[in-house]
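A.B. asks: Sharing a structure here in structure tokens format.
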Amino acid sequence: MFEEPNFLVQIGHNGHLMVEDLLQKGYADGAILSPADYSKGDNEGISNTIHNYDGTVLFDPQFYIPRSDRPKFTHYDYHQEFGGDAFDTVAVGSENETLCRELVDLQDDLEVDAYIAPARILDTFSDQKIEEWVELTGIFLHIAEEEGRNIPVFASLPVDQQPLNDKSQRSKLLNNATRLDPDGFYVSTEFETDNRYPLTGPSNVYSVLDLLNSLKQNHYEVVVGHTHQVAHLYLGIGVDAFASGHYVNLRAFDTRRWDPDNEQGGGRQVIKYYSDKLLNELRVDQDLDLMYQKDGFDLETVRTPSDYDDPLFEGSDPPSTVGWALRDASWDHYIWSCYDISRKYREKSIDERLATAEQTVEDAEELYEEIEDEFGMLTEPTKQIYGDWKASLSTIKSEVL
């Protein structure tokens, strides 16, 4: 399905206009539709728009926590019928055939380019939960292949980071996942709050890369959802596509977003600038201003030039005073950068992709150290990410090449 590494926009609230603008300019390869943010009718219109620009359309059923009170879910029969307030556990059986058939029909109505199966979050790798996942996924694959269109079918694999760190548990998951025969996997990994952004910790990083690499070694296509600049590592080991959303929202896979008992308060939104040279973001009103005020420091050092960041770098005023906003600036620049990441891995063999990822992390670490010597510690990222990422890539490289 994916001849070259792709970037897909994970559409969130009010993200459809941004997606159309990006597709029109050639800064995205497609998008993943969300039932939590758009009604079926709206998603049908968004799908048509994406296809008008020859973009790829996928639909994520977001059945990770079926007991959810996200208002848009009420527009979808499968969430009302098989989710709802009373849905706490699942009994895999004949009723799941109806669920899967409804989801195949729904994705046909949305004219997706590949089916994505429903799946509950695998927060543990117990025999029961894995077997339920295998059975539900198997039912969906069978119905999609027998009754659906002749398009690829992806198994959804939403996993928690903690059990993934255990090699024996990871092997158990992989052995069961490969019992099925999908065309590929749509993988989303939920991390601990302190670690999910950016991805840190050698065991955390390696366990995710090992999972993805193992799927690739078994000749499956792999799409990674809800991600960020760690996509350099994913693409470096051969992942076919990654997806991310706008400004923090949807960059990390977090099932609390769908949990009806969760009452997260909204904090003040901080304007940030994504620098691919540093593999992370800088606060405009703190980090970029500090660099701007330093005599002899060239702010271009951290710049990732896009269509959206000229006001920050080409004027004579401090970056925080130029009115660079969340929408039409920070969000768009970040998404442009995601697409630019995918372009860096196109037309490359696996060893060339690994080398590109390794060099990118090495260069980012060197730049961070130069800035650290000049200014001290930045607001983000922490220097730890570079060592963790290099070590994990090195281990994977020894297993791949």
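The values are calculated or read from the model by the stated rules, or taken from the named source; none is laboratory data. Keep in mind the model is a prediction, meaning the values are calculated, not measured. Because the Cβ atoms are built from the backbone with ideal geometry, glycine has one as well, and the counts that use them run over all protein chains shown. Please note that ligands, DNA and RNA were not included when accessible areas were found on the heavy atoms of the full protein model with its side chains. Shrake-Rupley method; radii C 1.70, N 1.55, O 1.52, S 1.80 Å.
A.B. asks: Which one of Asp388, Asp363, Asp340 is over 27 Å from Asp21 (Cβ atoms), charged (D, E, K, R), open to solvent by less than 30 Å² (accessible area, probe 1.4 Å) and assigned to a helix (DSSP H, G or I)?
C.D. replies: Only one candidate qualifies: Asp388.
Matching residues to (1) part of a loop (DSSP other than H, G, I, E, B); (2) at pLDDT below 95; (3) closer than 27 Å to Glu4 by Cα:
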| residue | (1), (2), (3) |
| --- | --- |
| Pro158 | no, no, yes |
| Arg170 | no, no, no |
| Asn175 | no, no, no |
| Thr189 | no, yes, yes |
| Leu211 | no, no, yes |
| Leu215 | no, no, yes |
| Val223 | no, no, yes |
| Gln229 | yes, yes, yes |
| Leu233 | no, no, yes |
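A.B. asks: Starting from segment 143-158, keep only residues that are over 16 Å from Leu173 (Cα atoms) and among the small types (Gly, Ala, Ser), then list their pairs with residues that are open to solvent by 10 Å² or more (accessible area, probe 1.4 Å) and at pLDDT 95 or above whose Cβ atoms are within a distance under 8 Å, requiring at least 6 positions of separation or different chains.
C.D. replies: Qualifying pairs under 8 Å: Gly148/Asp108.
A.B. asks: Then there is this: Within segment 7-56, track down each residue that is part of a strand (DSSP E or B) and open to solvent by 20 Å² or more (accessible area, probe 1.4 Å).
C.D. replies: Matches in segment 7-56: Thr56 only.
A.B. asks: When both residues are 6+ apart or on different chains and their Cβ atoms are under 6 Å apart, which pairs have a first residue that lies in segment 166-187 and is more than 12 Å from Ser214 (Cβ to Cβ), and a second that is among the hydroxyl-bearing types (Ser, Thr, Tyr) and assigned to a helix (DSSP H, G or I)?
C.D. replies: Taking only residues 6 or more apart or on different chains, the pairs are Leu180/Thr137.
A.B. asks: Just wondering, is there one or more residues in segment 320-337 that are assigned to a helix (DSSP H, G or I), acidic (Asp, Glu) and buried (at least 16 other Cβ atoms within 10 Å of the Cβ)?
C.D. replies: Checking segment 320-337: at least one residue is assigned to a helix (DSSP H, G or I), acidic (Asp, Glu) and buried (at least 16 other Cβ atoms within 10 Å of the Cβ).
A.B. asks: So, in segment 343-360, of the ones that are polar (S, T, N, Q) and touching a residue at least 24 places away in the same chain (Cβ under 8 Å), which residue ends up surrounded by the fewest Cβ atoms within 10 Å (Cβ to Cβ)?
C.D. replies: Across segment 343-360, the extreme among qualifying residues is Thr356.
A.B. asks: Shifting gears a bit: Counting only residues that are of a type in the set (D, E, K, R) and more than 24 Å from the chain's Cα centre (by Cα), how many does segment 110-149 have?
C.D. replies: The total comes to 8.
A.B. asks: Still on this structure: Looking at segment 235-260, which of the residues that are of a type in the set (A, V, I, L, M) and at pLDDT below 85 is most open to solvent (accessible area, probe 1.4 Å)?
C.D. replies: Among them, the one singled out is Val248.
A.B. asks: Which of the residues belonging to segment 371-381 are out of contact with any helix residue (DSSP H, G or I) (no Cβ under 7 Å at 6 or more places or on another chain), surrounded by fewer than 14 Cβ atoms within 10 Å (Cβ to Cβ) and touching a residue at least 24 places away in the same chain (Cβ under 8 Å)?
C.D. replies: Across segment 371-381, the qualifying residue is only Glu374.
A.B. asks: Further, regarding this structure: Here is a list of conditions, (1) farther than 25 Å from Tyr53 by Cα; (2) crowded, with 22+ Cβ neighbours inside 10 Å; (3) not hydrophobic (A, V, I, L, M, F, W, C), and Asp166 meets all of them except one; can you say which number that is?
C.D. replies: (2)
A.B. asks: Spot the failing condition for Gln128; the list is (1) open to solvent by less than 30 Å² (accessible area, probe 1.4 Å); (2) not in a loop (DSSP other than H, G, I, E, B), and only one is missed.
C.D. replies: Answer for Gln128: the failing condition is (1).
A.B. asks: To continue, here is another question. Return the pair list, or none, for Cβ contacts closer than 6 Å from residues in segment 383-401 that are under 16 Å from Asp363 (Cα atoms) to residues that are at pLDDT below 95 and surrounded by fewer than 18 Cβ atoms within 10 Å (Cβ to Cβ), at least 6 apart or on different chains.
C.D. replies: Here the result reads Asp388/Pro202; Ala391/Pro202, each pair linking segment 383-401 to a residue that is at pLDDT below 95 and surrounded by fewer than 18 Cβ atoms within 10 Å (Cβ to Cβ).
A.B. asks: Within segment 150-162, count every residue that is open to solvent by less than 40 Å² (accessible area, probe 1.4 Å), over 20 Å from the mean Cα position of the chain (by Cα) and not aliphatic (A, V, I, L, M).
C.D. replies: Selection size over segment 150-162: 0.
A.B. asks: Further, regarding this structure: Might you let me know whether segment 301-311 holds any residue that is open to solvent by 50 Å² or more (accessible area, probe 1.4 Å) and touching a strand residue (DSSP E or B) at 6+ places or on another chain (Cβ under 9 Å)?
C.D. replies: No, the conditions are met nowhere in segment 301-311.
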